[in-house]
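Report on the following structure.
The values are calculated or read from the model by the stated rules, or taken from the named source; none is laboratory data. This is a predicted model, so every value here is computed, not measured. Positions of Cβ are generated from backbone atoms using ideal geometry, with glycine treated the same way; all protein chains shown enter the neighbour counts. Ligands, DNA and RNA are excluded from the accessible area calculation, which covers all protein heavy atoms including side chains. Shrake-Rupley method; radii C 1.70, N 1.55, O 1.52, S 1.80 Å.
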Amino acid sequence: MDPSVLILFIPTFFAVSATPGLCMTLAMSLGMTIGVRRSLWMIAGELVGVALVSVSALIGVATVLLAHPNLFLALKYLGGAYLLYLGILMWFSRGKMAIPENFQKQAEVAPLSLASQGFITAIANPKAWAFMISLLPSFIDAGLPLHPQATILIAIILCFELICLLLYTTGGRTLRNLLQQRDNVIIMNRVAGSLMMGVAVWLVLG
């Protein structure tokens, strides 16, 4: 691959990853409620989703989804409804993701549930599809084999996503530590719940 392509690709997609969006907001919310370690399951699901979107944008599956928007809309609405439900529970300090008054007790959330949240948020994010469809193919040299180029570019994208997700999750954890007093548990749950509901609305309206 031409090094000049990577020189343009790296800052472009790092900026895309670092920009606040659905997945980053979700990461910050989970960092507040369940901590960085447990949030790694959501991050794993999100990375799988980003990889799927990236590969689809390169091989043309995105064209099929755009031709059948009802499939895409159904997934988007279901994902948004689920995230909205979780946000409402957190607002009222209920559910497994809510921060308990005893901070020593971690919220018990099933790893599969967390991974599903990350995956659904990633693949149902219209902005992710827009970026991948419009930007990623332009960095592919038609005169070279597709597989090696795609492997390198997608690996770089996933590294950027991982770094940014960890930064946002750590930021949520830091905010939690700053507010780690009994009187502020309700505030933290409402902030995290509001972020989660904001992600849901953004997902549905985006």
key: Single condition residue 40 does not satisfy, out of (1) modelled with pLDDT of 80 or more; (2) more than 20 Å from the chain's Cα centre (by Cα); (3) more than 16 Å from residue 198 (Cβ to Cβ)   = (2)
message = Restricting to segment 116-173, and then to whatever is closer than 14 Å to residue 9 by Cβ and small (Gly, Ala, Ser), can you tell me which residue is surrounded by the most Cβ atoms within 10 Å (Cβ to Cβ)?
response = 150
message = Among the residues that make up segment 10-20, is at least one of them at pLDDT below 80, surrounded by 18 or more Cβ atoms within 10 Å (Cβ to Cβ) and of a type in the set (Val, Ile, Thr)?
response = yes
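Taking the options 155, 130, name whichever one is part of a helix (DSSP H, G or I), more than 14 Å from residue 38 (Cβ to Cβ) and modelled with pLDDT of 90 or more.
155
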inquiry  = Restricting to segment 21-45, name every residue that is open to solvent by 10 Å² or more (accessible area, probe 1.4 Å), small (Gly, Ala, Ser) and assigned to a helix (DSSP H, G or I).
reply    = 44
key: Top-ranked residue in segment 76-115 [being open to solvent by less than 60 Å² (accessible area, probe 1.4 Å) and of a type in the set (Ser, Thr, Tyr); ranked as modelled with the highest pLDDT]   = 113
